[in-house]
Amino acid sequence: VVVVAGSIRSNNAAPIISDTSTTMEAIISQIETLEKSSWTTQKKQLNEVNITPQMRRARRHVQTSHVYSSQWRLCPSNYYTLTLDERKEILGAGNTAQLCK
């Protein structure tokens, strides 16, 4: 791979990235993919994750509070309408008493 005048070329092939806007779009796409990968599980795929400002704010709070460890679970939008047993399964809790704050 050779970088020539702002373009990335692989041997004599056409430019992979040829202008600044394409480069920025590629970088933003890679950042979004990386961010989403930190929110996904084996059950959730990258395209199923919609990272909201509230999710970012919660994660940032945990990180700046120097919490030793944490586990995040993406829950369905109807989570609070589910029974405690259903919530326990989603969260991987040992029993429903662990769900109490």
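Can you tell me the length gained on complete extension of the stretch Thr81 to Glu32, counting 0.36 nm per residue apart and subtracting the Cα distance?
So the chain would gain 14.6 nm between Thr81 and Glu32.
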Chain lengthening between Thr96 and Thr20 when straightened (0.36 nm per residue, less Cα-Cα): 22.1 nm
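Just so you know, all these numbers are worked out from the coordinates, no wet-lab data involved. All values derive from a computational prediction rather than experimental measurement.
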